[in-house]
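Take a look at the structure below.
The values are calculated or read from the model by the stated rules, or taken from the named source; none is laboratory data. As the structure is a computational prediction, the values presented were derived from the model and not from experiment. Glycine gets a Cβ as well: all are built from the backbone with ideal geometry, and neighbour counts include every protein chain shown. Accessible surface areas use protein heavy atoms only, side chains included; no ligands, DNA or RNA. Shrake-Rupley method; radii C 1.70, N 1.55, O 1.52, S 1.80 Å.
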Amino acid sequence: MKVKVKIKRFNPETDAEPHWETYEVDADPMDSALSLLLHIKWHIDGSLTFRKSCGHGICGSDAMKINGENRLACSVLVKDLVKGEGDTITFEPLPTAPVIKDLVIDQSRFFEKYRAVKPWLITRTPPPERERLQSPEEFALIEDATKCIMCGACTHACPSTWADPEYLGPAALLKAYRYTFDSRDEGADERLPVVDSREGLWKCYTIFNCNEACPKEIDISRWLSALKRRAVMEVAAR
Amino acid sequence: MIFSHDVVIVGAGGSGLMAALYAKEGGADVAVISKLHPLRSHTGAAQGGIGAALGNEEEDHWLWHAFDTVKGSDYLGDQDAIEIMCQDAPRTIIELEHYGVPFSRNKEGKIAQRRFGGHTRNFGEAPVRRACHAADRTGHAILHTLYDQCVKNQVRFYDEFQALDLIMTPEGVCCGVVAYELLTGEIHVFHAKMVCLATGGYGRVYKTTSNAHASTGDGMAIVLRSGLPLEDMEFVQFHPTGLYRLGILVTEGARGEGGILLNDKGERFMERYAPTVKDLAPRDLVSQCIYKEIREGRGINGKDYVYLDLRHVGREVIETKLPEIATFCRTYLGIDPVKEPIPVAPTCHYAMGGIPTNYDGQVERAGRGSIVPGLYAVGECACVSVHGANRLGTNSLVDLVVFGRRAGIHMAETLRKEGRKKEPLPDNPDRRVREMLEDILGRTRGEPVAVVRSDLQQTMMDNVSVFRNEETLTTALDDLKQIRERAKRVVVRDKSKRFNTELMDAVELGFLVDLSEVITRSALNRTESRGAHSREDYPKRDDENWLKHTLIYREGEDSYRFDYKPVTITRFQPKERKY
Ligand SMILES: Cc1cc2nc3c(=O)[nH]c(=O)nc-3n(C[C@H](O)[C@H](O)[C@H](O)COP(=O)(O)OP(=O)(O)OC[C@H]3O[C@@H](n4cnc5c(N)ncnc54)[C@H](O)[C@@H]3O)c2cc1C
Ligand code: SF4
Ligand code: FES
């Protein structure tokens, strides 16, 4: 089928302003949105710029705004983006971050926030000879959160991030949850003060945009609520 | 700019991060440069598991693991390196666990293990549970945890910097790399005491592949261009179960959990070919069997695929143990593996060959003991060789972590002991790269990269995949000759300095052409069938003449030289391979 692909393009090296360009492409309904972009780059305009690598939703490279929603281009199919012949699919970079070129955004802030939450296992007791034991129930508490591919779709879909660029955002907070709720972790006292702050957990108003944006269908709001409860408990205990 | 570090690691997948972490913990000043952000590395796509004889589910021994690996390699793997890998695997996995990798757990709270192709109990008796896993996102769990640890340890990262050349002194010591910064289009020199390549595989040589767009074999091609050899390039693994037409991988873990392969008649054909382990035979064998079924007209509806049937495995196991696979099937094929069989066909998956190294990751120039000072290689781009002619599933991740760790430790220790100085940089170390990029950007008329690349991938798929013979290989070489000329003239439309991915596509095409050439020549040269290298005109394994590793050198535009290296045999004498 024929579809129109409308892309917000911007190269700060040469353009004063972003502009829209539209390409007509022959697509199979089962093609991914990424394959449309690849087709344009490979056969129509090689200067179209976007990130991609794995092509199947695991590397987190190609989160972008497609038909107004934050999605992974490789994980959404044409048939789910158009109703019929000649329909238009729009592509924009993720909102709020500075644009490097076309659909490529600068993710340095996003990763600074990730680094701020001490995103690693903190242990104080010396490790045993063998693995630290963890029951399947304890593992189940963090499994959903470990699926995160750090694509940024959630953080850039969050109204709190739009309002306050300093807000840590759902992705970083989810990482804090993933380690704090890991039964092997002993670093809650180091990590919680970072997230229990003005720019942290309390800017999350459980609006659920993050859940809707997450391509891995992680129940982010649920885990952030658990982290809030934990932070309150920790303060009460102190 | 000139950046200066003790150790520069090129590549941030599992192997590069492992080397970085251990070198850093050993006190070295470590920088990692990577063309992708580290978390985008293809290690994140590894699904099924990482093998180690932990014995958490049933009795297991590292020696059984070693035997399976040797047999799986069709006796081409070096047994000293294999012994090290299998002995080191359990403790390395325990260290990963201590770093925080979220492994799936069994009821006792230990790391859960499952079955995988070619892994057996007691030297081939029956399948054994050896594959440690994090559901079907094992690589993702390991990659993210390693990155978290590197961040904690303040490893210096240069993200979206693409290495394009090695810097060697006239005496043949490696003292740095030249890299292109994607954001700015600048060419930088990294001056180092040690360089470690960890650039991954080259699956994009083939039309159908489970590999990422970034898997273009850069490190191997750069080494070849530096006059150093590549080892065993004829051995390319095709994984039996790629999603039909897409090549996206369905982990062997799916068969480990009970999945079976069916032909058009509904027959479980692997019972015929491998009566003991059946669907859990090694990949070379299963891929060849699928091709045979298809050739003999028993593909589904006479077409070029078969079914992977998981229906009897049940919803519960599919949703908890293979959730990503289930999602791929639903998203990309619109089928539910709980209710329908999955159409699959072999897909290019893994490079057994690569940059020859010893088991501390040091690159070898010409056979054992001939080290290239200052240069290391680890991971899929390296050839230790533990995989020989065919890699077993779960053994790549083990290879990454075991040999990544060893290389990291070795670099840090060598620096400590020898207090080595940096070799002075030669004049104009970035000249070759500058000229190459200026040449590409200067062209105004010619074909786009994608057209030439797709012709390359097509001929490699048609002529140099699961089955080869003299005729197909010669055809491929003829095609490659023309493709090489066309590749030299491709045109990029993007002339900007900022984030010019099209320019890098053109450079990578050059790498793919070089690698295709050495894969094909090595395949033509080896007149026997062994592991993944299946020559229809030489269907038998020939230990008398070919129980040796191939080394290929490029000496000029169109001139190549072969050399050989003996296989190290310690305990297991070559035997006929039966499953
Ligand atoms: C779909 C899939 C599933 C798999 N499942 C399993 C499994 O279950 N078990 C198992 O053992 N193995 C599995 N494998 C194989 C295994 O995942 C890979 O062999 C392994 O991850 C490769 O790791 P690596 O560190 O060598 O390289 P990669 O993870 O591929 O990383 C390469 C790195 O090098 C960088 N790079 C490349 N070129 C350059 C350059 N020119 N300059 C700078 N940086 C560069 C990239 O940015 C990247 O960071 C699987 C492979 C695939 C494709
Ligand atoms: S939580 Fe989901 S949307 Fe957010 S970064 Fe992780 S994978 Fe992406
Ligand atoms: S390309 Fe990797 S997530 Fe889309």
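So the values come out like this:
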{"item": "Distance from region B:462-515 to region A:178-238 (C-alpha centre basis), Å", "result": "48"}
{"item": "Partnerless cysteines, meaning none of the other Cys C-beta atoms lie under 4.7 Å away, in chain A", "result": "A:Cys74, A:Cys148, A:Cys151, A:Cys158, A:Cys204, A:Cys214"}
{"item": "Protection proxy ranking, peptides B:290-302, B:136-148, average beta carbon neighbours within 10 Å, highest first", "result": "B:136-148, B:290-302"}
{"item": "Within region B:386-471, trypsin sites (Lys or Arg not before Pro) in DSSP loop having at most 10 other beta-carbon neighbours inside 10 Å", "result": "B:Lys421, B:Arg445"}
{"item": "Average other protein chain Cβ within 10 Å of Cβ, residues B:318-328", "result": "2"}
{"item": "Reduced Cα scattering model of the protein assembly as shown, Debye log10 I(q)/I(0), q = 0.05, 0.08, 0.11 Å⁻¹", "result": "-0.24, -0.64, -1.33"}
{"item": "In Å, descending, principal axis extents of the Cα set of region B:147-238", "result": "38, 37, 28"}
{"item": "Average beta-carbon neighbours from other chains, 10 Å sphere, peptide A:133-144", "result": "4"}
{"item": "Cα-only radius of gyration and Dmax that characterise region B:37-158, units Å", "result": "15.2, 48"}
{"item": "Between helix B:431-442 and chain B: long-axis angle, C-alpha atoms, 0 to 90°, nearest 10", "result": "80"}
{"item": "Accessible surface of region B:455-573, 1.4 Å probe, proportion on carbon and sulfur as whole %", "result": "44"}
{"item": "10 Å Cβ neighbours from other chains, averaged over peptide B:138-150", "result": "3"}
{"item": "For A:Asp102, distant residues with modelled amide H under 5 Å away", "result": "A:Phe10, A:Asn11"}
{"item": "Whole-percent pair-distance distribution, where bins are 10 Å wide, for the alpha carbons of region A:2-105", "result": "16, 52, 29, 3"}
{"item": "Built amide H within the under 5 Å cut-off of B:Ser534, gap 5+", "result": "B:Arg468"}
{"item": "Which of B:Glu271, A:Glu92 is most accessible, then next, and so on - probe 1.4 Å", "result": "B:Glu271, A:Glu92"}
{"item": "Residues A:Lys4 and B:Glu555, FRET efficiency given R0 of 56 Å [Cβ-Cβ distance, rounded to 0.05]", "result": "0.60"}
{"item": "Efficiency of FRET between A:Trp202 and B:Thr184 - r from beta-carbon atoms, R0 41 angstrom, step 0.05", "result": "0.60"}
{"item": "Share, in percent, of DSSP beta bridges within the protein assembly as shown that are antiparallel, nearest 5", "result": "70"}
{"item": "Calculated FRET value between A:Asp189 and A:Glu129, using beta carbons and R₀ = 35 Å, to 0.05", "result": "0.85"}
{"item": "For B:Cys175, distant residues with modelled amide H under 5 Å away", "result": "B:Ile167, B:Met168, B:Thr169"}
{"item": "Label-to-label distance, nm, for residues given as A:Thr22 and B:Glu58 (7 Å Cα→Cβ offset)", "result": "6.2"}
{"item": "Relative contact order [Cα under 8 Å, 6+ residues apart], chain B, whole percent", "result": "21"}
{"item": "Principal-axis tilt of helix B:449-463 within chain B, Cα atoms, nearest 10 degrees", "result": "40"}
{"item": "In Hz, Karplus ³J(HN,Hα) per residue of region B:377-382 (6.51, -1.76, 1.60; θ = phi - 60°; x = Gly, Pro)", "result": "8, 9, x, 5, 6, 9"}
{"item": "Loop-resident sites, region B:521-579, for GluC sites (Glu not before Pro), counting at most 13 other Cβ within 10 Å (DSSP)", "result": "B:Glu536, B:Glu557, B:Glu576"}
{"item": "Within region B:1-108, GluC sites (Glu not before Pro) in DSSP loop having at most 12 other beta-carbon neighbours inside 10 Å", "result": "B:Glu58, B:Glu59, B:Glu108"}
{"item": "Angle in degrees between helix B:62-72 and the longest Cα principal axis of chain B, rounded to the nearest 10", "result": "90"}
